Every structure is written in structure tokens, then in C-alpha cells.
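Accompanying notes for the structure given below.
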Amino acid sequence: MNEWHKQAAVEDVKVTALTATQRPIRLAGSGKRDVRTQFGALPWRLRDGKVQIMLVTSRGTGRWIIPKGWPMDGETPAQAAATEALEEGGVEGKISLHVLGFYGYRKTLEKGDALPIIVAVFPLKVKRILKDWPEKKERKRRWVSQKKAAALLTEPELRHIVQNFNPRLLRP
């Protein structure tokens with residue numbers, strides 16, 4: 001194992017976290033939709049010693065998802081994920097620089113084309129919940145247990161990320 005990876009064994013489950021330094025993304029010369037990667041936040045909090053996950057509804061179908069969006073010029077991937085959590089779900093907090101995992105989905109565009117997307121998921125420990133936020137009129141938000149969150153999500157890889165999320169493995 002090299003210095004880029006950290007492994008932790010908890011209950012016979014091994015977790016690998018990438019510890020490379022992030023740099024702001026520069027999108028000069030390309031549109032943000034030319035990049036088929038999105039950055040998502042997994043907003044979480046502890047209530048009575050148990051992890052709760054915040055989900056939001058998608059604008060198009062109303063299905064339950066995590067806040068996510070396109071790369072943002074001048075922001076790191078983690079910063080972009082935190083911005084999406086604020087805009088889509090009205091939460092602020094401490095974003096981790098470590099990716100929990102990746103999941104894929106197909107985004108339907110205005111013309112009806114389906115674009116394959118890979119989402120990098122960053123945990124966000126929620127410190128503040130806003131009463132008003134930019135997309136409040138377009139989305140619902142909901143706090144649920146990890147088990148319930150996994151049941152509400154449709155993407156299998158994202159379900160797996162949520163089911164196996166353990167905040168004790170995060171670096172401070």
C-alpha cells in the first residue's frame with residue numbers, strides 16, 4: 001500500500017479512502033456539461049447516536065436523490081458538492097475531501113438524449129439547516145435513517161455507499 005491510500009478494517013469490512021490533494025477545476029474552453037462527471041454530497045447528522053441521511057427530490061421525476069451537480073469553475077470537487085447541498089437541500093456543514101465512492105446514472109437531457117454520468121460522493125457533516133434556500137420551491141428534503149435512505153434510492157451503487165457509510169472512519 002502506498003501513501004495515497006488508507007485502509008481501515010471494521011467488522012471485517014475494508015474501506016479504502018483516497019487521500020490525494022484536490023485542486024480547483026478549470027473549465028476554460030469547455031462547457032460544464034462537456035464533463036460527464038458530477039459531484040454529490042451525502043449530508044448526514046447524528047440523532048440519538050444514529051446516523052441520519054438527508055435526501056432531496058429530483059426536479060424532473062420527484063424521486064429521492066442526494067444533492068449533486070456539475071463541476072464548478074474554480075471550485076474543488078468537494079466544494080462543488082457542498083455548494084449543491086446548500087442550493088438543493090438548504091444545508092451547510094463540514095465537507096470531507098475524501099470520496100466515499102462513485103455511482104452511475106443516466107441523465108435525460110432536454111432533447112431526450114440520455115447522458116451517462118458518474119457521480120463522486122463526498123460526506124457532508126451538517127452543521128446548519130436553513131429555512132430558506134435557492135431550490136426550496138423546486139424540491140423536498142427529508143431526513144431518514146441509513147436503511148430508509150437506501151430503500152428510497154434507485155441507484156444500486158449509491159444504495160451501497162449509503163448502507164456502508166460509517167462516519168467513524170472519516171478523518172477529522
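The values are calculated or read from the model by the stated rules, or taken from the named source; none is laboratory data. No experiment lies behind these values; they were computed from the predicted model shown. Because the Cβ atoms are built from the backbone with ideal geometry, glycine has one as well, and the counts that use them run over all protein chains shown.
Can you tell me which residue in the stretch 95-112 is nearest to Arg168 (Cα to Cα), limited to those that are assigned to a strand (DSSP E or B) and within 13 Å of the chain's Cα centre (by Cα)? Full working, then the answer.
In the first step, residues of the stretch 95-112 are kept if they are assigned to a strand (DSSP E or B); the result is 95, 101-108.
Then drop every residue that is not within 13 Å of the chain's Cα centre (by Cα), which leaves 95, 101-104.
On the way: Ile95: 15, Gly101: 16, Phe102: 20, Tyr103: 22, Gly104: 26 Å.
So the residue we want is Ile95.
Among the residues of the stretch 113-145, which ones are more than 15 Å from Pro67 (Cβ to Cβ) and in a strand (DSSP E or B)?
First, pick out the residues of the stretch 113-145 that are more than 15 Å from Pro67 (Cβ to Cβ): 113-116, 118, 127, 131-132, 137, 145.
Residues satisfying the conditions are Ala114, Leu115, Pro116, Ile118, Lys127, Ser145.
So, in the stretch 146-172, of the ones that are surrounded by fewer than 14 Cβ atoms within 10 Å (Cβ to Cβ) and among the polar types (S, T, N, Q), which residue ends up nearest to Thr61 (Cα to Cα)? It would help to see each step written out before you state the result.
Let us first name the residues in the stretch 146-172 that are surrounded by fewer than 14 Cβ atoms within 10 Å (Cβ to Cβ), namely 147, 151, 154, 156, 163, 167-168, 171-172.
Restricting the remaining residues to those that are among the polar types (S, T, N, Q) gives 154, 163.
Working: Thr154: 12, Gln163: 24 Å.
The residue in question is Thr154.
Each row is one residue, and each column tells you yes or no for (1) among the small types (Gly, Ala, Ser); (2) without any contact (Cβ under 8 Å) to a residue 24 or more places away in the chain; (3) closer than 20 Å to Leu124 by Cβ.
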residue: Arg63; (1), (2), (3): no, no, no
residue: Met72; (1), (2), (3): no, no, yes
residue: Ala78; (1), (2), (3): yes, no, yes
residue: Glu87; (1), (2), (3): no, no, yes
residue: Leu97; (1), (2), (3): no, no, yes
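Inspect all residues belonging to the stretch 82-89 and state whether any of them is of a type in the set (S, T, N, Q) and under 10 Å from Ala41 (Cα atoms). Give the steps one after another, and end with the answer.
As a first pass, look at the stretch 82-89 and keep what is of a type in the set (S, T, N, Q): 83.
Now narrow it down to the ones that are under 10 Å from Ala41 (Cα atoms): 83.
Scanning the stretch 82-89 turns up at least one residue that is of a type in the set (S, T, N, Q) and under 10 Å from Ala41 (Cα atoms).
Just one of (1) more than 19 Å from Arg36 (Cβ to Cβ); (2) in a strand (DSSP E or B); (3) not acidic (Asp, Glu) trips up Lys148, so point out which.
Every condition holds for Lys148 apart from (2).
Mind checking which pairs have a first residue in the stretch 109-138 that is surrounded by fewer than 12 Cβ atoms within 10 Å (Cβ to Cβ) and modelled with pLDDT of 95 or more and a second that is assigned to a strand (DSSP E or B) and of a type in the set (Gly, Ala, Ser), Cβ under 9 Å, 6 or more apart or different chains?
Close Cβ pairs satisfying both conditions: Lys127/Gly93; Arg128/Gly93.
The rows are residues; the columns are (1) buried (at least 24 other Cβ atoms within 10 Å of the Cβ); (2) modelled with pLDDT under 95; (3) in a loop (DSSP other than H, G, I, E, B).
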position: Arg33; (1), (2), (3): no, yes, no
position: Leu46; (1), (2), (3): no, no, no
position: Leu55; (1), (2), (3): no, no, no
position: Pro71; (1), (2), (3): no, yes, yes
position: Ala81; (1), (2), (3): yes, no, no
position: Ala85; (1), (2), (3): yes, no, no
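If I go through the stretch 119-145 residue by residue, how many of them are within 17 Å of Ser58 (Cβ to Cβ), β-branched (Val, Ile, Thr) and over 13 Å from the mean Cα position of the chain (by Cα)?
The first filter runs over the stretch 119-145 and keeps only residues within 17 Å of Ser58 (Cβ to Cβ), leaving 119, 121, 133-142, 144.
Going one step further and asking which of them are β-branched (Val, Ile, Thr), we end up with 119, 121, 144.
In the following step, the residues that additionally are over 13 Å from the mean Cα position of the chain (by Cα) were identified as 144.
Residues meeting the conditions: 1.
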